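Derivation of every value follows stated rules applied to the coordinates shown; laboratory data play no part. Remember, predicted model here, so these are calculated numbers, not experimental data. So basically every Cβ, Gly included, is an ideal-geometry build from the backbone, and we count neighbours across all protein chains shown.
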Amino acid sequence: MSIKLLALVFSALIIFTRPKLIVDTHLSTRISPFPSQSYPIPPFIPPSSPPLTSRSPAVDSLFPRVPALFVFGDSSVDCGTNNFLGTLARADRLPYGRDFDTHQPTGRFCNGRIPVDFLANRLGLPFVPSYLGQSGTIEAMFQGVNYASAGAGIILSSGSELGQRVSFAMQIEQFVDTFQQMILRIGEEASDRLVSNSVFYISIGVNDYIHFYIRNISNVQNLYTPWNFNQFLASNMRQELKTLYNVKVRRMVVMGLPPIGCAPYYLWKYRSQNGECAEEINSMIMESNFVMRYTVDQLNRELHGASIIYCDVFQSAMDILKNHQHYGFNVTTEACCGLGRYKGWLPCVSPEMACSDATGHLWWDQFHPTDAVNAILADNVWNGRHVDMCYPTNLETMLHS
């Protein structure tokens, strides 16, 4: 091992074993892009001109059939939120983003695009900016906002060892603030119409396993069986989706959990001999997806006018693993960037850790897929191009119904 590589290992070990840098003030304090001395972003100032009425032709022309894409979740869809937080979960340096449109890191935990980038293109929308990184004007939010935060979970304390993150409940609160600002700017009816015609994409829950249940935080495994834990997560998800419904949200895409038992980190941790997945972890994930799909089905029956689709990421990802050659992948177990067996021991912290070409890899780092996989997942969400993974229908069909 070269001296340069030894130095990288040593620095990474320091980063990931040192005491937590911050106090989890987010547990008791709302995170907003507008206040603050902590985040140097201009505050929102209500416009001096009178609000546009809901009947204004100017407002109507701004809102096509799908006016906006709003995103909630974790590192699978974070596009820069954590760049503004005190956390170890950051993707603000190369090699992250090296294959992105700008070839620069943006906060996306990928070599390139994340699924919502591909879906934004399908919807005829620009890439959705992060809530903490947008310009601070409500007009900048008319085509969507991304509230996702790496390390976040459905459970408030999931991912706390990484530092600050915006939990799912707090992301919902941020959207409610956004909605109220819209009402102040364009009126209630126009705001209702914008929100009810927009798409809301939700990808969260995996950190409740990675950073909570599997790590047995607060002795949770002795308090909850996997089945009871899954029901607990689904119950919380149910309440948050109803909160969105109560503020006029109607079109929702709920993403299931991926097969993290096949992720390079767990292949390394469980000492997989030939790349076999950790089945005990995948079994819990499949069970969680079953419960969440049932919850979505119940909500569709209960909430009048709601159109919620559930997309089984596990099903799509396993099809890619099983038929990887058909999809053009030749490296299915080893990450492109990292150190150790399967490159799952240490995370991606330096360009020297990364492979030269990620196109043949399924995994970018310890937990996240490459943008080639994200493109396939987005295609499946949109129209089931490769696998019919969304129920009761795909996004394209939902929007045309």
Item checked: Pair list, Cβ under 7 Å, 6 or more apart: the stretch 121-142 residue over 17 Å from Q171 (Cα atoms) and free of Cβ contacts under 8 Å to residues at least 60 places away in the same chain, other residue of a type outside the set (G, A, S) and not in a loop (DSSP other than H, G, I, E, B) -> L125/L69; F127/D117
Notebook entry, point to check: Looking at the stretch 343-357, which of its residues are more than 23 Å from N330 (Cβ to Cβ) and either free of Cβ contacts under 8 Å to residues at least 24 places away in the same chain or among the aliphatic types (A, V, I, L, M) (or both)?
Noted result: L346, V349
Note to self: With the requirement that a residue be surrounded by fewer than 21 Cβ atoms within 10 Å (Cβ to Cβ), under 18 Å from R293 (Cα atoms) and among the polar types (S, T, N, Q), what does the stretch 213-254 give you?
What the structure shows: N228, Q231, S235, N236, Q239
Checklist line | Criterion (surrounded by fewer than 24 Cβ atoms within 10 Å (Cβ to Cβ), touching a Phe, Trp or Tyr at 6+ places or on another chain (Cβ under 6 Å) and either in a helix (DSSP H, G or I) or of a type outside the set (S, T, Y) (or both)) met by exactly one of L194, L156 | finding: L194
Item checked: All helices (runs of 4 or more DSSP H) inside the stretch 271-371 with 1 or more residues being crowded, with 22+ Cβ neighbours inside 10 Å -> 279-302, 313-322
Check: Quick one: would you say F100 is touching a helix residue (DSSP H, G or I) at 6+ places or on another chain (Cβ under 9 Å) and surrounded by fewer than 23 Cβ atoms within 10 Å (Cβ to Cβ)?
Finding: yes
Item checked: Filtered residues of the stretch 63-85 (kept if in a loop (DSSP other than H, G, I, E, B) and in contact with a Leu (Cβ under 6 Å, 6 or more places away or on another chain)) -> F63, V66, P67
Checklist line | Scan of the stretch 96-139 for residues that are assigned to a loop (DSSP other than H, G, I, E, B), over 15 Å from A358 (Cα atoms) and among the polar types (S, T, N, Q), ordered by number | finding: T102, Q104, T106, Q134, S135, T137
Item checked: Residue that is nearest to the chain's Cα centre (by Cα), among those in the stretch 147-198 that are of a type in the set (S, T, N, Q) and under 30 Å from S218 (Cβ atoms) -> S149
Item checked: Answer residue from the stretch 255-265, given it is over 30 Å from E396 (Cα atoms) and touching a Gly at 6+ places or on another chain (Cβ under 7 Å) and is surrounded by the fewest Cβ atoms within 10 Å (Cβ to Cβ) among those -> Y265
Item checked: Residue under evaluation G151, criteria (1) under 15 Å from M237 (Cβ atoms); (2) surrounded by 19 or more Cβ atoms within 10 Å (Cβ to Cβ), criterion not met -> (1)
Check: For D208, which of the numbered conditions (1) over 22 Å from the mean Cα position of the chain (by Cα); (2) surrounded by 23 or more Cβ atoms within 10 Å (Cβ to Cβ) fails to hold?
Finding: (1)
Note to self: Checking the structure you have, find out if any residue of the stretch 234-241 is in contact with a Gly (Cβ under 9 Å, 6 or more places away or on another chain) and among the acidic types (D, E).
What the structure shows: no
Next item on the list: Would you mind stating whether L233 is part of a loop (DSSP other than H, G, I, E, B) and within 21 Å of the chain's Cα centre (by Cα)?
Entry: no
Next item on the list: Sort out which residues of the stretch 377-392 are surrounded by fewer than 24 Cβ atoms within 10 Å (Cβ to Cβ) and either out of contact with any strand residue (DSSP E or B) (no Cβ under 6 Å at 6 or more places or on another chain) or assigned to a strand (DSSP E or B) (or both), and write them in order of number.
Entry: A378, D379, W382, N383, G384, R385, H386, V387, D388, Y391, P392
